[in-house]
Amino acid sequence: MATRWYVRLQNPQLPASERLDFRRWLDSDPANAEAFQAVEQLWQKLGEPARQLAGDGWHRRRPVQRQRWPALAAACVLGLAVGTLFWRDPGLLQRYAADHASAPGTQQQLTLADGSQVLLDADSALDLHFSDGERRVTLLRGRAWFDVSHDANRPFVVESPGLRTRVLGTAFAVDASGQGERVTVSRGRVEVRGNAADSLVTLIPNQQASLDGSGLHGPETVNSERALAWQRGLLIFDRTRLGEVLDSLRHLGHPPVVLLDDSLRNQRISGTFRTSDPQAVLSALSIELGLKTTQIPGLAVVLHR
């Protein structure tokens, strides 16, 4: 209802009687005022990309004759629809162009030409480059688990945006789904290189290397069963930053979650959840962090105090 009222109030010719109806609805419940304020703030945030797009003056370069307004209106509606689509699913084009990809909310099991097994997590994409001397996989987005067939003459290499992981035969996972990147080994031995010439980490089972803005780190001892719980359809958070939690929800196909207060991204949450029930994560946020949710149907969820 808050969204409907916000849209209707943008009409400068809205009758005074409807404005009075809006005031009665607003005053009838404090929650209505909070919901309307959340919608208003969200649309203000969405207005910034539009202002940036219009900043070069493309819309002023050629006068539009009045009789062409239907075509212009159709173009605007189409542009809004496409913009909303990519805002809700920013990985759409990457997945479309990849050799193999999994949609948000789904996983995909692959058997490669050499017999190696790959489990693509939700909202992930990769390209394959196999030759006589090398088996190379490029992880374009998301995360994947690899069970590699041994071939001493053809090393198996996984390249992600900031890391290059080289193995002969092992089971490991590469995660490029968040702000940083991680490599976790459950069997065998891998060599992980960062972009810097001297950054090299060798991992054995139950070890992990990570990459962030300050460089490559590791090896760090981890419980690989817990670190790779996503393979079993689980999300395990252990004092995880709220920003990372919300990123995980987007990969599951959940509508984008907008934080009205960006400082909330550093709040931390713990718990175990099923990937098939992202709503349980939002419920936990409401209980554990005292946050409220406002649904904007078909567009987003607003998270606020």
Cα-based Kirkwood hydrodynamic radius, segment 233-304, one decimal, Å: 12.1
Stretchable slack from residue 265 to residue 92, in nm (0.36 nm times residue separation minus alpha-carbon distance): 59.8 nm
Residue 189 versus residue 103: modelled label distance in nm, points set 7 Å from Cα along the beta carbon direction: 4.3
Gained length - residue 212 relative to residue 276, 0.36 nm times residue gap less alpha-carbon distance: 20.1 nm
Interchain or long-range residues, amide H under 5 Å from residue 100's placed H: 126
Fewest-first ranking of 251, 150, using other Cβ atoms within 10 Å as the exposure measure: 150, 251
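In segment 108-227, what is the volume of the convex hull around the alpha carbon atoms, normalised per residue and reported in Å³? Kindly include the intermediate steps, with their values, before the conclusion.
On the way: hull volume 11.7 nm³, N = 120.
Spelled out: Cα convex hull of segment 108-227, divided by residues, is 97 Å³.
Just so you know, all these numbers are worked out from the coordinates, no wet-lab data involved. Computed from a predicted model, the values in this text were never measured in an experiment. Counting neighbours? That spans all protein chains shown, and the Cβs are built from the backbone with ideal geometry, glycine included.
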